[in-house]
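One structure is given below, encoded as structure tokens.
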Amino acid sequence: MDLLSQIVARAKANKQRIVLPEAEEERTLCAADKVLADDIANLILIGNPDKVHALAKEKGLTHIDKATLIDPENYERSEEMAEKLAEIRKSKGMTIEEARKLVKNPLYLGCMIIKTEGADGQISGALSTTGDTLRPALQIIKCAPGITCVSGGMLLISKEKQYGEDGVLVVGDVAVTPMPDAAQLSQIAYCTAQTAKSVAGFADPRVAMLSFSTKGSAKHEVVDKVIEATKLAKELDPTLKIDGELQADAALVPSVGSKKAPGSEIAGKANVLVFPNLEVGNIGYKLVQRLGDAIAIGPILQGIARPVNDLSRGCSVDDVYYMVAITACQAMDAKK
């Protein structure tokens with residue numbers, strides 16, 4: 001069974017409640033129909049019921065009625081949600097009038113449903129920007145305990161089975177934090193390892209903190225940051241298997257790892273790679289994807305107390321479908 005099939009199977013085995021706040025969008029609704037047909041998750045769709053039903057009829061979607069459909073303009077819990085949102089944002093000066101307007105915004109309403117324990121995760125981005133997706137999540141759901149830095153993980157599936165976990169690597173950050181400091185980088189390492197467990201199903205994440213230096217082969221302040229981040233990550237989670245600083249070949253290739261970092265339990269055996277900054281991460285994964293013919297799945301947002309994931313506005317129906325399964329797997333882990 002390939003990785004995506006494994007993710008779907010885990011989601012089906014423990015169904016989570018996932019909000020799709022862009023239910024009037026064609027690809028999102030078609031993916032929702034497929035999710036419901038395959039019984040992968042319990043869906044909460046937010047949108048105008050007349051528009052949703054008309055689109056479902058036009059596209060021949062026959063499973064949408066299995067979802068809970070919420071009209072943001074006529075939701076019976078709107079006032080309750082507005083009061084709670086105003087309370088959450090009171091320190092920022094939010095008034096009840098402002099809150100009443102915001103809970104009519106599907107992205108805010110979905111996060112409020114999660115905050116009040118009515119759902120386990122949310123996915124948007126087919127219509128919305130990353131900023132619009134993240135803003136309500138950070139204002140309402142907030143970061144996970146001990147985490148202040150949101151990041152983006154990516155699953156890379158290579159044909160080169162000798163690397164990572166049978167060709168699968170989990171990498172981060174590739175999407176959110178441009179220049180993390182040492183503390184933020186340590187959190188990215190911890191969260192990317194969690195993604196490796198919850199989404200990729202790794203029983204034993206082995207984290208390499210990447211650099212252009214391996215164990216002191218070069219001296220620079222950016223190398224020092226990686227070394228400090230490795231130390232802080234171990235303090236954040238003493239059980240985390242992590243080492244750094246390591247060059248990419250020392251992290252992945254056993255013969256190189258044993259020469260450059262003898263005695264390391266990670267060198268040559270890493271299945272989780274943490275980039276020193278977003279520039280390196282984004283360029284690196286795209287080069288592997290295009291030149292190495294690897295499959296890239298994500299980004300998967302990390303560090304939020306309950307999973308809220310972002311889609312590309314160019315996403316396909318399958319992208320939405322698999323992101324529902326990924327979000328469900330993250331939601332299971334968040335409850336532990």
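The values are calculated or read from the model by the stated rules, or taken from the named source; none is laboratory data. In this text, all values refer to a predicted model and were calculated from it rather than measured experimentally. Heads up, the Cβs are rebuilt from the backbone with ideal geometry, glycines too, and the neighbour counts pull from every protein chain shown. Keep in mind that these areas ignore ligands, DNA and RNA; they rest on the heavy atoms of the full protein, side chains included. Shrake-Rupley method; radii C 1.70, N 1.55, O 1.52, S 1.80 Å.
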- THR192 vs. criteria part of a helix (DSSP H, G or I) and open to solvent by less than 20 Å² (accessible area, probe 1.4 Å): yes
- Message: Checking PHE202 against (1) within 18 Å of ASN282 (Cβ to Cβ); (2) under 25 Å from the mean Cα position of the chain (by Cα): exactly one of these is not met. Which one?
- Response: (1)
- Tally the residues that are open to solvent by 40 Å² or more (accessible area, probe 1.4 Å), in contact (Cβ under 8 Å) with a residue 40 or more places away in the chain and assigned to a helix (DSSP H, G or I), restricting the search to region 249-270. 1
- Do we have any residue at all in region 142-151 that's open to solvent by less than 20 Å² (accessible area, probe 1.4 Å), within 19 Å of ASP319 (Cβ to Cβ) and modelled with pLDDT of 95 or more? no
- Those residues of region 52-85 which are among the small types (Gly, Ala, Ser), out of contact with any Ser or Thr (no Cβ under 9 Å at 6 or more places or on another chain) and over 16 Å from LEU107 (Cα atoms) amount to ALA54, GLY60, ALA67
- Query: In region 115-128, what count of residues is obtained for those that are open to solvent by 10 Å² or more (accessible area, probe 1.4 Å) and among the aliphatic types (A, V, I, L, M)?
  - Reply: 1
- Item | Count of residues meeting criterion [in a loop (DSSP other than H, G, I, E, B), open to solvent by less than 40 Å² (accessible area, probe 1.4 Å) and closer than 24 Å to VAL274 by Cα] in region 302-336 | 4
- Message: Quick check on region 277-288. Is at least one of its residues touching a Ser or Thr at 6+ places or on another chain (Cβ under 7 Å), open to solvent by less than 70 Å² (accessible area, probe 1.4 Å), over 17 Å from GLN194 (Cβ atoms) and assigned to a helix (DSSP H, G or I)?
- Response: yes
- Item | Set GLY131, GLY164: member being open to solvent by 10 Å² or more (accessible area, probe 1.4 Å), small (Gly, Ala, Ser) and within 23 Å of ASP249 (Cα to Cα) | GLY164
- Item | Hits in region 225-242 (condition: open to solvent by 20 Å² or more (accessible area, probe 1.4 Å) and either in a helix (DSSP H, G or I) or touching a strand residue (DSSP E or B) at 6+ places or on another chain (Cβ under 9 Å) (or both)) | LYS225, ILE227, GLU228, LYS231, LEU232, LYS234, GLU235, LEU236, LEU240, LYS241
- Looking at region 24-52, which of the residues that are among the charged types (D, E, K, R) and over 18 Å from SER128 (Cβ atoms) is most open to solvent (accessible area, probe 1.4 Å)? ASP50
- Query: Under the condition of being closer than 18 Å to ILE283 by Cα and assigned to a strand (DSSP E or B), which residue from region 167-183 is most open to solvent (accessible area, probe 1.4 Å)?
  - Reply: LEU169
- Query: Could you give every pair whose Cβ atoms fall below 6 Å, whose first residue belongs to region 166-194 and is at positive phi and among the polar types (S, T, N, Q), and whose second residue is open to solvent by less than 20 Å² (accessible area, probe 1.4 Å) and modelled with pLDDT under 95, counting only separations of at least 6 or pairs across chains?
  - Reply: none
- Message: So if I check each of GLY281, GLY263, which one is modelled with pLDDT under 95, of a type outside the set (Asp, Glu) and out of contact with any Lys or Arg (no Cβ under 6 Å at 6 or more places or on another chain)?
- Response: GLY263
- Query: Quick one: SER186 ticks every box in (1) in contact with a Gly (Cβ under 8 Å, 6 or more places away or on another chain); (2) of a type in the set (Ser, Thr, Tyr); (3) crowded, with 24+ Cβ neighbours inside 10 Å bar one, so which box is it?
  - Reply: (1)
